[in-house]
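The values are calculated or read from the model by the stated rules, or taken from the named source; none is laboratory data. In this text, all values refer to a predicted model and were calculated from it rather than measured experimentally. Glycine also receives a Cβ, built like all others from the backbone with ideal geometry; neighbour counts cover every protein chain displayed. The area values use the complete protein model at the heavy-atom level, side chains included, leaving out ligands, DNA and RNA. Shrake-Rupley method; radii C 1.70, N 1.55, O 1.52, S 1.80 Å.
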Amino acid sequence: MSATDDSAQTGVGVAPGEATRAIRTARPTRRTVESELGRKRRARRIGRVLTETHPDAHCELNHQGPLQLAVATILSAQCTDQRVNEVTPKLFARYPTAADYAGADRAELEEMIRPTGFFRNKTNSLINLGRQLVERYDGQVPRRIEDLVTLPGIGRKTANVILGNAFGVPGITVDTHFDRLMHRWELTTETDPVKIEHAVGALYERRDWTMLSHRVIFHGRRVCHARKPACGACTLARLCPSYGLGPTDPAAAAKLLKGPRARELAVQAGVDPDLVPATAAAGDTP
């Protein structure tokens with residue numbers, strides 16, 4: 001690999017804030033043909049800008065340890081992280097071990113997790129998860145993805161969340177936000193989540209996978225929304241082939257920003273933060 005390629009892929013020689021400043025002043029361009037190397041370079045630039053844009057990115061499910069994270073992730077299906085975090089403090093206090101879930105009273109557990117939706121199916125998953133952990137892993141959550149995906153309620157996405165955030169094992173979490181943004185950025189044409197995971201993983205250093213996932217999800221929740229992305233208030237405008245799907249006028253786009261740092265996001269994109277509604281910070285990010 002040449003020195004130029006190494007700089008392009010690792011960010012060496014890129015001053016802090018330089019990537020974001022470049023986005024503010026450049027007009028977005030459409031791409032018709034892009035080499036694999038060009039795509040990887042653009043992907044790495046997107047990664048660096050996301051690092052600047054979302055320095056607060058993290059797993060938004062409150063937890064202590066792998067069991068709590070596994071439970072919270074199961075509850076998060078078709079439910080906001082905020083709602084899950086409202087339910088789990090009492091749940092974790094009542095069921096601190098895998099054996100507690102294995103022996104849980106079904107009616108009691110259903111009632112505790114009812115606010116998260118689909119509570120009967122989730123109760124089945126939690127009880128069976130507890131039983132499997134007790135019978136097969138001495139009550140401990142395993143550290144290998146091959147083992148995790150065999151457990152009730154845990155697919156590959158959940159397994160990568162657990163590995164990356166509870167065990168420090170790099171993993172890419174392909175949720176709806178990640179899927180949407182990878183296609184909008186034209187970093188992959190794959191539609192199967194496992195194939196998306198592998199295709200995107202090849203564009204980034206393995207050590208960056210977990211934090212990349214958090215930053216992409218933050219961006220999807222706060223800026224690049226499913227129905228109407230805030231294109232005119234996005235730090236990735238210059239790098240995004242889908243620029244223009246949402247309003248490009250800064251005033252209109254600023255109104256779409258969400259989350260506690262909504263005004264800071266506007267500033268980073270070169271947009272007047274006063275255009276961001278006061279209710280944006282309080283808005284739930286699904």
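Choose one of Thr88, His214, Phe119: the residue whose Cα lies farthest towards the positive end of the charge dipole of the chain (beta-carbon charges +1 Lys, Arg; -1 Asp, Glu; about the Cα centre).
Towards the positive end, the residue furthest out is His214.
Name the shape class, rounded, prolate or oblate, that the alpha-carbon gyration tensor gives for region 194-237, where a ≥ b ≥ c are the square roots of its eigenvalues, rounded holds for a/c under 1.5, and otherwise prolate holds if a/b is larger than b/c and oblate otherwise.
On the way: a/c = 2.44, a/b = 2.03, b/c = 1.20.
Note, shape of region 194-237 comes out prolate.
Given only helices, namely DSSP H runs of n ≥ 4 each adding -39500 (n - 2.57), what is the per-residue ellipticity at 222 nm of the chain, to the nearest 500 deg cm²/dmol? Present the calculation step by step, with values, prior to reporting the outcome.
On the way: 15 runs with 149 residues, N = 286.
One gets -15500 deg cm²/dmol as the mean residue ellipticity at 222 nm.
Filter the trypsin sites (Lys or Arg not before Pro) in region 187-286 down to the DSSP loop ones having no more than 11 other Cβ atoms within 10 Å, then list what survives.
Details: sites: Lys195, Arg206, Arg207, Arg215, Arg221, Arg222, Arg227, Arg238, Lys255, Lys258, Arg261, Arg263; in loops: Arg227, Lys255, Lys258, Arg261.
Filter output for region 187-286: Arg227.
Keeping all protein chains in place, calculate the accessible area per residue for the chain (probe 1.4 angstrom), answer in Å².
In whole numbers, the chain has 48 Å² accessible per residue.
Which of these, Val49, Val161, Val134, has the largest mean-square fluctuation under a Gaussian network model of the chain (Cα springs below 10 Å)?
Largest GNM mean-square fluctuation: Val134.
Could you compute the net charge surrounding Ile113? Neighbours are other residues with a C-beta less than 13 Å from the C-beta of Ile113; K and R count +1, D and E count -1.
Numbers: positive: Arg83, Lys90, Arg94, Arg106, Arg114, Arg120, Lys122; negative: Glu86, Asp105, Glu108, Glu110, Glu111.
Net local charge, Ile113 excluded: +2.
Remind me, relative contact order of the chain in percent, using alpha carbon pairs under 8 angstrom and six or more residues apart?
Values: 412 pairs, mean separation 54.5, N = 286.
RCO, the chain: 19 percent.
Mind checking the angle between helix 81-94 and the chain's longest principal axis? C-alpha axes, 0 to 90 degrees, to the nearest 10.
30 degrees
Magnitude of the Cβ-charge dipole of the chain, K/R +1 and D/E -1, about the Cα centre, nearest 20 debye?
Values: 40 positive and 32 negative charges, 157 e Å.
Dipole about the Cα centre, nearest 20: 760 debye.
Give me the net charge for the shell around Leu151: Cβ to Cβ below 15 angstrom, other residues only, Lys and Arg +1, Asp and Glu -1. All intermediate terms of the calculation are to be shown ahead of the outcome.
Working: positive: Lys122, Arg131, Arg136, Arg143, Arg144, Arg156, Lys157; negative: Glu135, Asp138, Glu146, Asp147.
Net local charge, Leu151 excluded: +3.
Would you work out which of Gly201, Leu67, Leu151 lies farthest towards the positive end of the dipole of the chain, given +1 charges on the beta-carbon of Lys and Arg and -1 on that of Asp and Glu, about the Cα centre?
Gly201
Leaving out ligands, DNA and RNA, what percent of the accessible area of the chain is carbon and sulfur, probe 1.4 Å?
Values: 6950 of 13860 Å².
In the chain, the share of accessible area belonging to carbon and sulfur is 50 percent.
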